[in-house]
1. Report yes if ILE270 is at pLDDT below 90, under 21 Å from LEU150 (Cβ atoms) and of a type in the set (Val, Ile, Thr), otherwise no.
2. What's the total number of residues in region 375-394 that are modelled with pLDDT of 90 or more, of a type outside the set (Ser, Thr, Tyr) and open to solvent by less than 40 Å² (accessible area, probe 1.4 Å)?
3. Can you tell me which residues in region 175-198 are assigned to a helix (DSSP H, G or I), under 22 Å from the mean Cα position of the chain (by Cα) and touching a residue at least 12 places away in the same chain (Cβ under 8 Å)?
4. If we keep just the residues of region 1-58 that are within 14 Å of GLY243 (Cβ to Cβ) and of a type in the set (Ser, Thr, Tyr), which is modelled with the highest pLDDT?
5. Does region 260-270 contain any residue that is surrounded by fewer than 24 Cβ atoms within 10 Å (Cβ to Cβ), more than 20 Å from the chain's Cα centre (by Cα) and either farther than 25 Å from GLU387 by Cα or free of Cβ contacts under 8 Å to residues at least 24 places away in the same chain (or both)?
6. Among the residues of region 193-210, is any closer than 29 Å to LEU266 by Cβ and in contact with a Pro (Cβ under 7 Å, 6 or more places away or on another chain)?
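The values are calculated or read from the model by the stated rules, or taken from the named source; none is laboratory data. This is a predicted model, so every value here is computed, not measured. For neighbour counting, all protein chains shown are included, and Cβ atoms are generated from backbone atoms with ideal geometry for every residue, glycine included. Accessible surface is based on the protein model in full, side chains and every heavy atom, while ligands, DNA and RNA are left aside. Shrake-Rupley method; radii C 1.70, N 1.55, O 1.52, S 1.80 Å.
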Amino acid sequence: MRSTERHPSPNRQGLIIVTTLAIAYVASHFFRASNVTIGLDLMRDLSIGPEALGALTGAFFFGFAATQIPCGFLFDRFGPRRSLVGMLILATSGGIIFTLAPTWPILLTGRVLMGAGFGVMLIGSMVVISRWFPPDRFSTLAAMVLSIGLLGNLAATTPLAWATQAIGWRSVFGTAVVFTALAAIAIWLVVRDAPPGHPFLARTGESPGQMLQGLMEVLRDRRLWPILALNFSNYACTFTVQGLWGGPFLREVHGLSAVAAGNVLLVAVIAYQIGMLAFGPLDRILDTRKWIAMGGTQVIIAILATLALWPHPPIWVPIGAIVGIGFLSASSTMVMTHGRGIIPDRLIGRGIATINTSVMFGVACMQTLSGIIVGAFEPLADGARSETAYRALFAVLTVVLIIAVAIYSRSQDVKPSDEMRGHRQKQDA
């Protein structure tokens, strides 16, 4: 029997690798989304206000954004496997600090380190997908990674609310830190940077100057600029609702209990997962990425505008809005896939890092700004934020997305059919 027959086929091995990365990605989603459920508990336990909570939540994404470009260099030079394991060790250290932190500044430090460490997970997964699979499978497999990763968001809703009431949030976070450490070990054992025969495995190392030139080549590409504008804003605005203020909004304005609000957020995350599976293959079916992203974002704008303009709505309106935003948040994947289609393979690490930097820097800025907006309004007698404060926040999110869509509308579409023709020509050459 030939030795090649004892090894899994590239597609099967690639799927095992991508699935391993997706399972590890669960931890990133859990830690980033947990504040939407335990935010009020943190404010009470640490005696902090909404501005501090917004800064604490945004700190994860500032750390996340800060590591994107450096990790793009690491992926192109050393490969995803070593880079991911090293950064997950950093995330584990941050998780330990966060779990044991007695004060807000130490809690903030731990959250920054977690964000920095987890910042590599999505880029690493996308680099691996780009090297193991043809370009027309990119959006579907990226959606699969995000969909599995969203199990972390699910765990950060009702299960986290229940567990926090039973054993406290610190014990829950300690368990999540152990999961992160095990994920790092699994990646080291399973993940391979590229299939046999891939040019990456025969690459010659770039000098620091050449690596910087490659980054500048990505940044100078004007086709990418309008895409970065929507990348900066889309996920930032939806996650401000889904990952920070949605739970407090339902509890403080509409009187839901912590578990009831967690249930709504749980359904919203399930809707997000369904959205990932629905939006993932749409680019191949409709042969467009730009117009799918435009359509999804425009409906999100309509939902946010409704929350901003409708005072004292019946409870089904905010619940339906949060669930609807969850489903449509999946359209942000198409924006990232659109940007990926512009980047040449030799710059894939730096290119995806640039795209993801815009996403996470946008989230960091919007989380911090949201705390300032909500905190600018006088709290009610019981300390809760008023409906006016939340409606002002939704209005700002609406305006930000309208501006982003106007800029993005000037972008050039990248059709999957055109990509596949180029891919086949490259293979035939």
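1. yes
2. So the count comes out to 5.
3. ALA176, VAL177, PHE179, THR180, ALA181, ALA183, ALA184, ALA186, ILE187
4. SER28
5. The answer is yes, given that some residue of region 260-270 is surrounded by fewer than 24 Cβ atoms within 10 Å (Cβ to Cβ), more than 20 Å from the chain's Cα centre (by Cα) and either farther than 25 Å from GLU387 by Cα or free of Cβ contacts under 8 Å to residues at least 24 places away in the same chain (or both).
6. no
Every residue, every condition in (1) among the aliphatic types (A, V, I, L, M); (2) in a helix (DSSP H, G or I), yes or no:
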{"position": "GLN298", "(1), (2)": "no, yes"}
{"position": "ILE301", "(1), (2)": "yes, yes"}
{"position": "HIS312", "(1), (2)": "no, no"}
{"position": "MET334", "(1), (2)": "yes, yes"}
{"position": "GLY339", "(1), (2)": "no, yes"}
{"position": "ILE342", "(1), (2)": "yes, no"}
{"position": "ARG346", "(1), (2)": "no, yes"}
{"position": "THR354", "(1), (2)": "no, yes"}
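Here's the yes/no breakdown for (1) exposed (fewer than 15 other Cβ atoms within 10 Å of the Cβ); (2) of a type in the set (Gly, Ala, Ser); (3) in contact with a helix residue (DSSP H, G or I) (Cβ under 7 Å, 6 or more places away or on another chain):
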{"site": "ARG284", "(1), (2), (3)": "no, no, yes"}
{"site": "ARG289", "(1), (2), (3)": "no, no, yes"}
{"site": "ILE292", "(1), (2), (3)": "no, no, yes"}
{"site": "ALA302", "(1), (2), (3)": "yes, yes, no"}
{"site": "PRO314", "(1), (2), (3)": "yes, no, no"}
{"site": "ALA321", "(1), (2), (3)": "no, yes, yes"}
